[in-house]
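The structure appears right after this line, and notes come after that.
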Amino acid sequence: MKLDLLRHGIPVGGHIYRGNQNDPISKNGWQQMLKSTQGGSWDYIASSPLIRCAKFAKYLSKKQSIYYEIINNFEELGFGDWQGKNVNSIGLKLVNNFRQDPINHQPPNAENLYDFQSRVLSSFEDIKLHHTNKSVLIIAHAGVIRIIKSYLLSLPVEKIFTMEVSCASSERFTI
C-alpha cells in the first residue's frame, strides 16, 4: 500500500489548539492543500469528519473521481480546556511540559492519549486490511497523523508531540 498522510491547511482563526472544534480552513489553507495534492492520484481517500478535512476530501474525490470515506475515528484529539486557545494564552511552560510528557501533563479535561491512539489505529488497521496494494490518501489532523506515523515508525505514543506536522504537509509511506 502507498500511503499519503495530508494535514489540512491553515484554518480560519490561525494557530490555536482547536482539537475537535469544527473550524473551516482559510482560503490560504485551501490553496495550500491544492498545492500539496497537485499531480497526486489515489485509489481511495479517507478523511476526518471535521470540515477542515472533509470539505477538501469531498472536493478532491469529485475532481478525480475517487471514492472517499469519512472516518469518524480520525477526528482530532480533544484538547479539553485548551481548545480555542493559543500557546501564549495557555502558557509556554505548560505547553512544553505537555509536548515532552503528554501522559502526565495533558490539558485539563482533554481526551486520554491512549484512547485517542486506540481509536485512530483501529480505523487505520481497517484501511490497511481493505486497501492492500492500493494508493491511499488520509486527510486528517496533526494528532491523527502523529499517531499513524508513530505506529509506522515504531515510536512510543508518549513522544508524538515532538514530531512536527505542518499545515498542508504531506508525507508518503510504503507499507
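Assorted remarks:
- With 5 Å bins from 0: P(r) over region 37-133, alpha-carbon pairs, percent: 2, 11, 17, 17, 16, 13, 11, 9, 3, 0
- Cross-link reach is defined here as a Cα-Cα straight distance under 16 Å, omitting same-chain residues fewer than 8 places apart; for Lys134 the lysines meeting it are Lys2.
- Ratio of the Cα radius of gyration of the chain to 2.2 N^0.38 Å, where N counts its residues: 0.99
- Separation of alpha-carbon centers, region 124-142 and region 1-78, rounded to whole Å: 14 Å
- For Glu111, the solvent-accessible surface computed with a 1.4 Å probe is close to 50 Å², ligands and nucleic acids excluded.
- Among Ser61, Ser154, Ser123, the largest mean-square fluctuation in a Gaussian network model of the chain (Cα springs under 10 Å) belongs to Ser154.
- Each of the peptides 135-142, 29-36 was scored by the mean count of other Cβ atoms within 10 Å over its residues; in descending order, highest first, they stand as 135-142, 29-36.
- Using a Förster distance of 35 Å, the FRET efficiency for Ile66-Gln100 (Cβ separation, nearest 0.05): 0.35
- Relative contact order, whole percent, for the chain stands at 38, derived from Cα pairs under 8 Å and 6 or more residues apart.
- Sequence-distant residues sharing a close amide H with Lys85 (under 5 Å, placed H): Tyr17
- Solvent-accessible surface ranking, highest first, for His105, His131, His8 at 1.4 angstrom: His105, His131, His8
- Distance (nanometres) between label positions extended 7 Å along Cα→Cβ at Leu129 and Leu92: 4.7 nm
- Considering only beta bridges that DSSP places wholly inside the chain, some 35 percent are antiparallel.
- Debye, to nearest 20: dipole size of region 60-116, +1 on Lys, Arg Cβ, -1 on Asp, Glu Cβ: 320 debye
- Computed over region 98-157, the convex hull of the alpha-carbon atoms projects to a mean area of 4.6 nm².
- Result for the chain in a Gaussian network model with C-alpha springs under 10 Å: among Lys134, Lys149, Lys63, the largest mean-square fluctuation is at Lys63.
- Residue-averaged 222 nm ellipticity for the chain, from DSSP H runs of 4+ at -39500 (n - 2.57), nearest 500: -11500 deg cm²/dmol
- Cα-centre dipole for the chain with unit charges at Cβ (Lys and Arg positive, Asp and Glu negative), debye to 20: 620 debye
- Hydrophobic long helices, here whole DSSP H runs in the chain with Kyte-Doolittle means of at least -0.5 and Cα atoms spread over 30 Å or more along the helix axis, are not found.
- Net dipole in debye of region 1-64 [+1 Lys, Arg Cβ; -1 Asp, Glu Cβ; about Cα centre; nearest 20]: 160 debye
- Given Lys58/Lys85; Lys35/Lys58; Lys27/Lys55; Lys35/Lys62; Lys93/Lys159, the pairs whose alpha carbons are separated by over 19 Å: Lys58/Lys85
- The listed peptides 72-84, 37-49, ordered by packing as a protection proxy, come out as 72-84, 37-49 (highest mean of other Cβ atoms within 10 Å first).
The values are calculated or read from the model by the stated rules, or taken from the named source; none is laboratory data. Quantities reported herein were computed from a predicted structural model and do not represent experimental measurements. Cβ: placed from backbone, ideal geometry, glycine included. Neighbour counts: every protein chain shown. Surface areas here come from the heavy atoms of the whole protein model, side chains and all, with no ligands, DNA or RNA. Shrake-Rupley method; radii C 1.70, N 1.55, O 1.52, S 1.80 Å.
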